[in-house]
Amino acid sequence: MDLSFLRALYDRPGPFASVYLDMRRTEDPRAVEVRRHVQCKELADQGAPPETIAAVERVVRDEKERRESGCLAVFACGGEVAYAALLDGPPREEVARYAPLPHVVPLLEQRGEPVSRLVAVVNRLGAHLTCVAADGTRWGAVVPPSVEAPVHKPKGGDMFRQPHVQQAAEEAWRANAKKTARVIDQTVGSCGFELVVIAGDVRERAAVLEHLSEPVLARTVESRAAGPNLDADVAETVRRTRAARMTSAVERFNEQLRKGRRAVDGLRPVVGALRNAQVASLLLDGRTDARAPVWTGPQCTDLATSPDELRERGVSDPVPDRADAALVRALAGTDGELLLITLEDWRAHQGLGALLRYGDRAAVP
């Protein structure tokens, strides 16, 4: 999971109010207002200043007016909202927390491991593309026809003209499929999509697949579904892609850990690797004791398992926070990726592991 979208959040000094609020409509029209009141009171009880609480309330009010439904995640500090997002579904747990660092792991869990993708619904005139970037941004595009007519074969009329028109129609299909494939190749090349799904007209699907470049074809799957069924099919394909990515990362981790090379597990070694900006991928699962404190300083790599260790490194005033909050901040600040592991047979110590960019396990302090 690319964490670059969080960097602007960590540029702020904190402390942060972190709120996860259920914005779903219920039979009671006052339900959201009651939940908002409870969350804001919890923030006040934890010492959040009135101006920061007011910033959270403004976001809640704006979302109520838009009448959107789902889980609202809000992070605010210094009287301003630093980041807000409306996620699908209810929150796994409603949270109101005021602490040195933003509590982002529930956001990342609910947001899910993003899979950048391009979905092309093709027909004999061109295609409609739906694109989803790694940060969740969505946009659509239309591939216009290279040849607009004829695209239909005649079923009657002058029998002497039928073969000519039929051949012209087939040539138009091929030309349009070739253009669609070229646009898909260019779009995938410029945006780096991990997954491509081709749906739509059965004959045109085959023609587009025939003209895709080998690198794009290697990440392409074909779907026979349409309408709502296509959405479900794409969601299942995304799920399988996520699972394959997770399995691959765990296999690499297990191999490197077994060889004593570029992998470490357990809180203290992982903290040391993050402090040295060695972590390429952080693997985190539900067994991690997120409440175990990690001591932090003003820089993203200021972290240690004891305050004295940070003082020895020149941090004059270490502050404790949740382990997961500190680890994710360090990871985002050093361009590492996060993998939320759900495999039952993963056996990293404390449910926490890291694949290293350089060095080996013995070199981690």
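Could you tell me which of Tyr358, Gly260, Ser248 has its Cα farthest along the dipole of the chain towards the positive end, charges placed at Cβ (Lys, Arg +1; Asp, Glu -1), taken about the Cα centre? It is Ser248, whose Cα lies furthest towards the positive end.
When the alpha carbon gyration tensor of region 63-104 is reduced to an equivalent ellipsoid, the three semi-axes, largest first, read 20, 14, 7 Å. Annotation for region 286-365: trypsin sites (Lys or Arg not before Pro) lying in DSSP loop with at most 12 further Cβ atoms inside 10 Å of their Cβ are Arg291. Here the relative contact order of the chain, from alpha carbon pairs under 8 Å that lie six or more residues apart, stands at 16 percent. Note on Asp62 and Tyr358: their simple-model spin labels are 4.2 nm apart, each label 7 Å out from Cα toward Cβ.
At 0.36 nm per residue, and after removing the present C-alpha to C-alpha distance, how many nm does the segment from Asp231 to Arg12 gain when stretched out fully? Display every interim value, and only then the final one.
Numbers: separation 219, 0.36 × 219 = 78.84 nm, distance 3.80 nm.
Using 0.36 nm per residue and subtracting the Cα-Cα distance, I get 75.0 nm.
One way to sum up the overall shape of region 225-313 is the equivalent ellipsoid from its Cα gyration tensor, whose semi-axes run 36, 17, 11 Å, largest first.
Rg/Rh, computed from the Cα trace of region 168-265 with Rh as the Kirkwood radius, has the value 1.15. The slack between Glu222 and Asp308, meaning 0.36 nm per residue of separation minus the straight C-alpha distance, is 25.3 nm. With the chain treated as a Gaussian network of Cα nodes joined by springs under 10 Å, which of Trp139, Trp346, Trp173 yields the largest mean-square fluctuation? Largest GNM mean-square fluctuation: Trp139.
Estimated translational diffusion coefficient (Stokes-Einstein, Kirkwood radius over Cα pairs, 37 °C, 0.692 mPa s) of region 1-127: 209 µm² per second.
Kirkwood-type hydrodynamic radius, region 1-58: 13.3 Å, calculated from all non-identical alpha-carbon pairs. Its Kirkwood hydrodynamic radius, worked out from the mean inverse distance over all distinct Cα pairs, puts the chain at 23.5 Å. Summary of packing: across the peptides 296-304, 122-130, the per-residue average of other C-beta atoms within 10 Å ranks them, highest first, as 122-130, 296-304. Each label point was placed 7 Å from the Cα along the Cα-to-Cβ direction; for Asp2 and Arg25 their separation is 3.5 nm.
On a per residue basis, the convex hull of the C-alpha atoms belonging to region 83-132 measures out at 109 Å³. Would you be so kind as to identify which of Asn276, Asn123, Ala323 lies farthest towards the positive end of the dipole of the chain, taking Lys and Arg as +1 and Asp and Glu as -1 on Cβ and the Cα centre as origin? Farthest towards the positive pole: Asn123. Note on the chain: with a GNM built from Cα contacts shorter than 10 Å, the maximum mean-square fluctuation among Asn229, Asn254, Asn276 falls on Asn229. Entry for region 210-365 at q = 0.09, 0.17, 0.19 Å⁻¹: log10 I(q)/I(0) = -0.38, -0.94, -1.09, Debye formula applied to identical alpha-carbon scatterers, no solvent contribution.
All of the numbers you see were taken from the coordinates with simple rules; none came from a lab. All values reported here derive from a predicted model rather than from experimental measurement. Cβ coordinates were reconstructed from backbone atoms using ideal geometry, including for glycine residues, and neighbour counts include every protein chain displayed.
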